[in-house]
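Chemist: Handing you this structure, nothing more for now.
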Amino acid sequence: MSRCSECSRELKSVEIALTKKLVNRGATEFLCKTCLAGRFRVSEGTLDEKAREFRDMGCLLFTELPEGEL
Ligand SMILES: [Zn+2]
């Protein structure tokens, strides 16, 4: 299981997908939702919405995530 590169929290696959989408597609270090929200100055709820938007747009990083994570 990967961990957040800032706070070391265990990551969900949606958080890894969000890091790839928002930071860098080739990222090898990932951020949890809390740290991503801090970096982009948005709420965690906004990130949840974004993740669902990306999935609905057919982004492959998100369409294969477990249903419970979105
Ligand atoms: Zn973190």
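Chemist: Using alpha carbons only, what's the Rg to Rh ratio of the chain with Rh from Kirkwood?
Modeler: 0.92
Chemist: Would you be so kind as to identify which of Phe54, Val14, Phe40 lies farthest towards the positive end of the dipole of the chain, taking Lys and Arg as +1 and Asp and Glu as -1 on Cβ and the Cα centre as origin?
Modeler: Looking along the dipole axis, the top candidate is Phe40.
Chemist: Where does the chain land at 222 nm, in deg cm²/dmol rounded to the nearest 500, when only DSSP H runs of n ≥ 4 count, each adding -39500 (n - 2.57), divided by all residues?
Modeler: Rounded to the nearest 500, the figure is -14000 deg cm²/dmol.
Chemist: Hey, another quick one. Dipole of the stretch 13-65, Cα-centred, from +1 at each Lys and Arg C-beta and -1 at each Asp and Glu C-beta, to the nearest 20 debye?
Modeler: 180
Chemist: If I require 27 Å or longer along the helix axis, counting alpha carbons, and a Kyte-Doolittle average no lower than -0.5, what helices from the chain are left? Use full DSSP H segments.
Modeler: Within the chain not a single helix satisfies the rule.
Read the figures in this text as sums done on the coordinates, not as results from a lab. Treat the numbers as computed from the prediction; the structure is a model and nothing was measured. Reconstructed Cβ throughout: ideal geometry from the backbone, glycine too, with neighbour counts over all protein chains shown.
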